[in-house]
Amino acid sequence: MPDVVLETSGLSRHFGGVVALDNVDFLLRARELRCLIGPNGAGKSTFFNCLTGLIRPSEGHIFMRGDETTGWPVHRIASLGVGIKTQVPSVMDGLTVHENIWLAASRHHRHSDDAERRTDEIIARLSLGPMSHQFLAHLAHGERQLVELGLVMTGDPWLVLLDEPAAGMSPEDMVRIGEILREINETAAMIIVEHDMKFVRSIASRITVFHQGRVLLEDEMERVMSDPTVRDIYLGRTA
Amino acid sequence: MTAVAVPVTLVLPQVIDSYTLTVLAIYAMLALSLGLVWGYGGILCFGQAAFFGLGAYGYAIGALNVGESTIALIAAVAATAAIAAVLGAMMFYGRLGDVYLAIITLVVTLILYRFMSSTAGDAYVLGKARLGGFNGIPGFPTLHVPGNPSAYIWGDALYYVCAASLVLVLALVTLLLRSGFGRVAVGIRENETRMGLLGYDVRARKTLLFTIGAAVAALAGALYANWGEIVTPRLFGLTQSAEIIIWCIVGGFGTRLGPILGAASMGYLKFLLGQQSLVDNTLVMGLILILVVLFLPRGLVPALEGLWIAAWQRMPARQMQRRRRNLA
Ligand SMILES: Nc1ncnc2c1ncn2[C@@H]1O[C@H](COP(=O)(O)OP(=O)(O)OP(=O)(O)O)[C@@H](O)[C@H]1O
Ligand SMILES: [Mg+2]
């Protein structure tokens, strides 16, 4: 199957006695957009962090475009062409928007002119021009999320992993983020961990539901939403 | 910045004797090495004195064995850099947290202090050099014109060599910080995880920066050996380790000028206080440190920069931007 970009088999992770991730088989095809949902503590971030190399799985294997990447350090996985945003926003607070994006661009462009051009391109694409010389620490939450998305897309990744990209965003910001994600998805496969069901509904095609460290269900949007078990475990949550 | 450095270097000997100035230039270089590693790289090294001491000892041992200064100087810097590379790789590839790194670097320094102090016996001889325990190593050949071992460089000439080395190191550090490597190092200081997620090998880059910092400290150490004409375990002492950090905090981390001016001014003050017995100099140093931390938490140079920028507040925004970047 040449068009599989990501595959895991029997992926597990324990934290002491806690089984955070339990024997997960997962498959993602080129240019697919997949949302991971599930209640708090379901193991979404643990699964996500195993993929990115931020934590090592206790058991199982991960393959990306045919390479086994299990246990690789995060910079090696990123260098394959994987764009990553973790659940906790992670930007260079003491640097400006331009400097942040430049650092992402410089990883992929040896010549500083090329890096500079790419930086300007991304800043223009995200309409961040007016604040390009402001420090990240001085920006609003939504703008910082946007810059982080810029960091993720600068390297033209073929696989994009996003843990809660819409968390804490205003409705307008969410619309904007949704548009950008669709744009990125034109060239990259994507996994998005998300709680906000409205947001998921606005972007999703296929959905994987995590529950207690396992994959409970994997199906199209509408079928997942009407599944009684999914409704049960989400009861009481803001939908 | 170099344009200012050169005239200052030439004028200073008219005001302060060159023997004192020499050691101030050396201290400034040592502080700059920590300023690079800690201030720009975010590596909390509490043991910069270890590399200073190793550079000094390396020079003394090398000079006694080859009977000549050029090779000894180069070998001292290279050997220290190699040791730092190994130590750095162990710490950074071992994913040590900031606090543990600080502790380990300090412990390494204290171990070197203990070890060098206990090398009085006949067993501790490296070639023609006796390590000499607490009394250290005296009587090694000092700096001379390369290729001419009888043309010693001392007095005013040694000052000019040290000052020129400082200016050269400052210029190289400036170039390094403007390069891609330097900008990435600052990115790592700001957010290590993020830089890893962007595909940068944080461990390798930190190891390299740590090694470069150690090499600069070692050069300062080798020059110090020439100034003092003796090396002793005190170079690895707790006082020396703490002083480097105090210089940088007073002058201001995150700038190049801060550590240099911090080291030179605190070093000179210590020298002045050493000439009287009315007040204890550690007390005064401590007091200055506390006052700076309380009232100028970013240090003297950033505070002065702030004033300078405030004075230019009315400038058009674009000109300001350029000015700020030049200052950084
Ligand atoms: N570093 C850790 N040490 C110990 N336990 C952990 C650790 N990380 C996660 N866990 C546990 O593993 C389980 C799965 O956590 P995970 O963060 O993957 O859930 P999640 O689905 O991302 O939840 P959320 O929606 O709140 O982000 C939880 O029970 C959590 O307490
Ligand atoms: Mg999570």
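The values are calculated or read from the model by the stated rules, or taken from the named source; none is laboratory data. No experiment lies behind these values; they were computed from the predicted model shown. Neighbour counts are summed over all protein chains in view; Cβ atoms, including those assigned to glycine, are modelled from backbone coordinates with ideal geometry. In case anyone asks, the SASA skips ligands and DNA or RNA and just uses the protein heavy atoms, side chains included. Shrake-Rupley method; radii C 1.70, N 1.55, O 1.52, S 1.80 Å.
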Relative contact order for chain A, counting Cα pairs under 8 Å that sit 6 or more residues apart, in percent: 26 percent
Among B:Pro13, B:Pro141, B:Pro302: highest mean-square fluctuation, GNM of chain B, C-alpha pairs under 10 Å: B:Pro13
Measuring from label point to label point, each 7 Å out along Cα→Cβ, what is the B:Asn65 to B:Met90 span in nm? 2.1 nm
When Lys and Arg each count +1 and Asp and Glu each count -1, what net charge do the other residues less than 15 Å away from B:Ser118, Cβ to Cβ, add up to? +2
222 nm [θ] for chain A, helices only, -39500 (n - 2.57) per DSSP H run of 4+, per residue, to 500? -10500 deg cm²/dmol
If you only keep lysine pairs separated by 8 or more in sequence, or across chains, how many in the protein assembly as shown come under 25 Å at the Cα atoms? 4
Label 7 Å along Cα→Cβ of B:Tyr152; region B:103-146 residues with amide nitrogen under 19 Å? B:137-146
Non-local amide H neighbours of A:His211 (under 5 Å, H modeled in plane, Pro and chain starts lacking H): which ones? A:Leu216
Under a 5 Å amide H to amide H cut-off, with H placed in plane at 1.01 Å, what residues pair with B:Ser69 once short-range neighbours are removed? B:His144
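Determine the equivalent ellipsoid of chain B by diagonalising the alpha-carbon gyration tensor, then write out the semi-axes as square roots of 5 times the eigenvalues, largest first, rounded to whole Å. Don't skip to the end; give the middle numbers.
Working: eigenvalues 201, 121, 79 Å².
Equivalent ellipsoid of chain B: 32, 25, 20 Å, largest first.
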What dipole magnitude, in Debye to the nearest 20, does chain A give about its Cα centre under +1 on Lys/Arg Cβ and -1 on Asp/Glu Cβ? 280 debye
Counting Lys and Arg as +1 and Asp and Glu as -1, what is the net charge of the other residues whose Cβ lies under 13 Å from the Cβ of B:Gly62? 0
How far, in degrees from 0 to 90, does helix A:112-125 lean away from the longest principal axis of the Cα atoms of chain A, to the nearest 10? 70 degrees
For chain B, set up a GNM with springs between Cα atoms under 10 Å and report which of B:Tyr224, B:Tyr57, B:Tyr19 has the largest fluctuation. B:Tyr19
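With both bridge residues required to lie in chain A, what share of the DSSP beta bridges run antiparallel, to the nearest 5%?
Numbers: 22 of 39 bridges.
Of those bridges, close to 55 percent are antiparallel.
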Whole angstrom only: what separates the Cα centroid of region A:177-239 from the Cα centroid of region A:47-86? 22 Å
Grab the DSSP H runs of chain B that are 4 residues or longer, score each as -39,500 (n - 2.57), total them, divide by all residues and round the 222 nm result to the nearest 500 deg cm²/dmol. -23000 deg cm²/dmol
What angle, in degrees between 0 and 90 and rounded to the nearest 10, separates the Cα long axis of helix B:238-251 from the longest principal axis of the Cα atoms of chain B? 30 degrees
Here, trypsin sites (Lys or Arg not before Pro) of region B:72-139 satisfying both criteria (DSSP loop; at most 13 other Cβ within 10 Å) are B:Arg95, B:Lys128
Pick from B:Val15, B:Val293, B:Val77: which residue has the top mean-square fluctuation in a GNM of chain B where Cα pairs under 10 Å get a spring? B:Val15
Near B:Leu158, within a Cβ-to-Cβ distance under 13 Å, what is the net charge of the other residues, with Lys and Arg +1 and Asp and Glu -1? -3
Once the piece of chain linking A:Arg56 and A:Glu179 is laid out straight, how much longer is it, given 0.36 nm per residue of separation minus the C-alpha distance between them? 41.0 nm
Using the Karplus equation 6.51 cos²θ - 1.76 cosθ + 1.60 (θ = phi - 60°), what ³J(HN,Hα) coupling, rounded to whole Hz, does each residue of region B:86-96 give in order, writing x for Gly and Pro? 5, 4, x, 4, 4, 6, 7, 6, x, 6, 6
Label model pair A:Phe135, A:Ser205: point-to-point distance (7 angstrom along the Cα→beta-carbon line) in nm is 4.3 nm
Roughly speaking, what is the stretch gain from B:Ala82 to B:Arg178, that is 0.36 nm per residue apart minus the C-alpha to C-alpha distance, in nm to one decimal? 32.1 nm
For region B:17-137, calculate the relative contact order in percent as a whole number, restricting contacts to Cα pairs under 8 Å that are 6 or more residues apart. 24 percent
Spin-label point model (7 Å from Cα, Cβ direction): what's the B:Ile103 to B:Gln276 distance in nm? 4.2 nm
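When only C-alpha pairs under 8 Å and at least 6 residues apart count, what is the relative contact order of region A:82-156, in percent?
Values: 83 pairs, mean separation 36.7, N = 75.
Rounded, it is 49 percent for region A:82-156.
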So the FRET efficiency between A:Glu172 and A:Val88, C-beta based with R0 = 35 Å and rounded to 0.05, is 0.90
How big is the gap, in Å, between the Cα center of region B:113-148 and the Cα center of region B:168-223? 32 Å
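So, R0 is 30 Å and r is the distance between the beta-carbons of A:Asn40 and A:Glu220; what FRET efficiency does that work out to, to 0.05? Don't skip to the end; give the middle numbers.
On the way: r = 24 Å, r/R0 = 0.81.
Efficiency, rounded to the nearest 0.05: 0.80.
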Hey, if you put +1 on the Cβ of every Lys and Arg and -1 on every Asp and Glu Cβ in region A:93-239, which of A:Leu136, A:Leu103, A:Ala167 ends up farthest toward the positive end of that dipole? A:Ala167
How large, in percent, is the carbon and sulfur part of the accessible surface of region B:2-235 at a probe radius of 1.4 Å? 69 percent
